Amino acid sequence: MIATKANTRGRVNLEKYNNVWFKTGAPGWKVFIWYFINIIFFINPLNPFSKIKCILLRLFGAQVGNGVVIKPSVNIKYPWLLTIGDHVWIGEHVWIDNLTRIFIGNNVTLSQGALLLTGSHNYKLETFDLIVKEIKLEDGVWIGAKAVVCPGVTCASHSVLSVASVATGDMEPYWIYQGVPAEKKRERFIN
């Protein structure tokens, strides 16, 4: 019975998958060199030097503000699609999976293991087409440890995404969100 139901609902056929429309925004040689720079200087847990990382990000086209702290074991897909404001803290094991633009405002905190995810797939299509949408984190946002910001989400000014929560929709300013999917729980007051 289960096999019959699956047959009437359709099937994914990854042989037909085609994302030739997707462009990284940089020539192949730049993507290739970045791959190794990312491994050696960012993903590598033995490199604690934020200033070197900021210089490298700028060299590869990222817009990076002042006072940015980037901890070890951070993974950044394409720096040329990344904007980081002033006094941003990026914790250990953060993954910035930016297949398209990500904007990070001033005084934003990305806690350990946070994931900014700009890509997904259309599960309704046999071809499982790639979908990419930008992410925007406005000033003062805090993304908690192991939290996920999904494609197309805007986290408005000073909003908070709690530990291990998943933001699938926009977050309002000065609100704390929690859960999977994240829901508005309480207001954020800063003394």
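Quick check: convex hull of the Cα atoms in the chain, volume per residue, rounded to a whole Å³? Please list the in-between numbers first.
Details: hull volume 26.3 nm³, N = 191.
In the chain, the Cα convex hull volume per residue is 138 Å³.
Summing +1 for each Lys or Arg and -1 for each Asp or Glu among the other residues whose beta-carbon sits under 13 angstrom from that of LEU82 gives +3.
With the largest listed first and rounded to whole Å, the semi-axes of the equivalent ellipsoid of region 113-191 from the Cα gyration tensor are 25, 12, 10. Placing unit charges on the Cβ atoms of the charged side chains and taking the dipole of the chain about its Cα centre, the candidate lying farthest along the positive direction among CYS54, TRP175, TRP95 is TRP95. Under 5 Å between amide hydrogens, built in the peptide plane, is the criterion, and for ILE131 it picks out SER120, HIS121, ASN122 among residues at least 5 positions away or on other chains.
Derived scalar couplings between HN and Hα for region 178-191 equal 8, x, 10, x, 5, 10, 5, 10, 7, 7, 9, 10, 10, 7 Hz in order, rounded to whole Hz, by the Karplus curve 6.51 cos²θ - 1.76 cosθ + 1.60 (θ = phi - 60°), x for Gly and Pro.
Exposure check, 1.4 Å probe, all protein chains in place: TYR35 carries approximately 130 Å² of accessible surface. Of the whole protein surface, HIS87 contributes about 100 Å² of accessible area at a 1.4 Å probe radius.
Could you tell me the relative contact order of the chain? Use alpha-carbon pairs under 8 Å, at least six residues apart, and round to a whole percent. Write down the numbers at each step before the final one.
Numbers: 493 pairs, mean separation 25.3, N = 191.
Computed over the chain, the figure is 13 percent.
Going from most exposed to least, what order do ARG188, ARG101, ARG11 have by accessible area with a 1.4 Å probe? Display every interim value, and only then the final one.
Values: ARG188 55, ARG101 115, ARG11 155 Å².
Largest to smallest exposure gives the sequence ARG11, ARG101, ARG188.
The modelled label-to-label distance between LEU125 and THR168, using points 7 Å beyond Cα along the C-beta direction, is 2.1 nm. Computed from backbone phi with θ = phi - 60° and the Karplus coefficients 6.51, -1.76 and 1.60, the 3J(HN,Hα) list for region 107-118 is 6, 9, 10, 10, 6, 3, x, 5, 10, 9, 10, 8 Hz; x is used for glycine and proline. 222 nm [θ] for the chain, helices only, -39500 (n - 2.57) per DSSP H run of 4+, per residue, to 500? It lands at -4000 deg cm²/dmol.
Of the residues GLY179, GLY67, GLY28, the one that moves most in a GNM of the chain with alpha-carbon contacts below 10 Å is GLY28.
Convex hull volume of the Cα atoms of region 35-144, normalised per residue: 96 Å³. Rounded to the nearest 0.05, what FRET efficiency do LYS16 and LYS133 give with R0 = 25 Å and r taken as the Cβ-Cβ distance? Could you check? That gives a FRET efficiency of 0.65.
The values are calculated or read from the model by the stated rules, or taken from the named source; none is laboratory data. Not measured: the values here are computed from a predicted model. Virtual Cβ from ideal backbone geometry, glycine too; neighbours counted across all protein chains shown. All accessible areas refer to the heavy atoms of the entire protein, side chains included, with ligands and DNA or RNA removed. Shrake-Rupley method; radii C 1.70, N 1.55, O 1.52, S 1.80 Å.
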